[in-house]
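Each value in this text was obtained by applying a stated rule to the coordinates, not by laboratory testing. Here the structure is a predicted model, which means the values were calculated and not measured. Positions of Cβ are generated from backbone atoms using ideal geometry, with glycine treated the same way; all protein chains shown enter the neighbour counts.
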Amino acid sequence: MVKTTNLSGHGEYVIICEHASNHIPVKYNNLGLSDDDIKQHIAWDPGALAVAQQLSKQLDAPLVEQCVSRLVYDCNRPPEAWNAMPFQSEIFEIPGNANLSQEERENRINNVYKPFKEAVTACLDKKTSDSHKPVIITVHSFTPVYKGQKRDVEIGFLHDKDNRFAEQLIQSFAAETSNYVLRLNEPYAPVDGVTHTLTEHALPRSLMNVMLEIRNDLIADQDTQDKMASILVKAIRNAKEALDNKQNQFASTTKQTSLGN
């Protein structure tokens, strides 16, 4: 249900891909959908896993990926959210999620959500200490057209209450290339209920974090996935360095002020 890679990576990041797969276990009978439906973005985030894998490799960072479709359980949603097991996604009705019993909901929470949550927690427990606080980066993709409306944003940098890394990263990415339309908290924002992983794992630990949303037509094949990952890696490193420098300058100034008193 959940896969972890490069747990011993020495990089200063943890990569998470909640919507990595469109796999639906046989017992769910495709949730009443056709095979063509399951290939659509409603079941997963096309291209996201490939980018996440490249980030994990190039940043030498652990990767936690969910291996079951978000239609069975969306691991970027808390159990109480209606769309953790959506009965409708965009214009698609999901027959296998209609009128779920409490027992079935609990089964999916226990078999899909909890193992994923525990894997992320274990990874962060291993990586986090008083002197080492990794940055959490979650990787997603989104469709160019949503409910008939074309989206002009190409890459979104999402954050919840902690905006430090998202705001620095969008600046660092823009410094690398001007070829993309970049936005903060678009095409989704916290009000849409999409920042669960950040609020569940990053905020309580005071870890810097960002949720990446990449338009899926920009990462549709290996060449474009590799290109996007390469730009992101440079931008991520530069953003982390810039924030570390600011922190060091602040600490130095605080120390000097203290000694002066």
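Phi angles of region 73-86 translate, via the Karplus equation with coefficients 6.51, -1.76, 1.60 and θ = phi - 60°, into HN-Hα couplings of 7, 8, 6, 9, 9, x, x, 7, 6, 4, 8, 5, 9, x Hz per residue; Gly and Pro are given as x.
Note: relative contact order over the chain, using C-alpha pairs below 8 Å and six or more positions apart, is 23 percent. Over all pairs of different C-alpha atoms in region 6-135, the reciprocal of the mean inverse distance, the Kirkwood hydrodynamic radius, equals 15.7 Å. Which distance in Å, rounded to a whole number, links the C-alpha centroids of region 1-59 and region 165-205? Result: 19 Å between the Cα centres. Shown for region 91-162 is the translational diffusion coefficient from the Stokes-Einstein equation, using the Kirkwood radius over Cα pairs, a temperature of 4 °C and a viscosity of 1.567 mPa s: 78 µm²/s. Among L31, L212, the ranking by other beta carbons within 10 Å of each residue's beta carbon, starting with the fewest, stands as L31, L212. Dipole magnitude for the chain: about 680 debye, using +1 per Lys or Arg Cβ and -1 per Asp or Glu Cβ, origin at the Cα centre.
Write down the Kirkwood hydrodynamic radius of the chain, to one decimal in angstroms, obtained as one divided by the mean of 1/r over all alpha carbon pairs.
For the chain, the Kirkwood estimate is 19.1 Å.
From least to most packed, judged by other beta carbons within 10 angstrom and beginning with the fewest, Y113, Y28 follow the order Y28, Y113.
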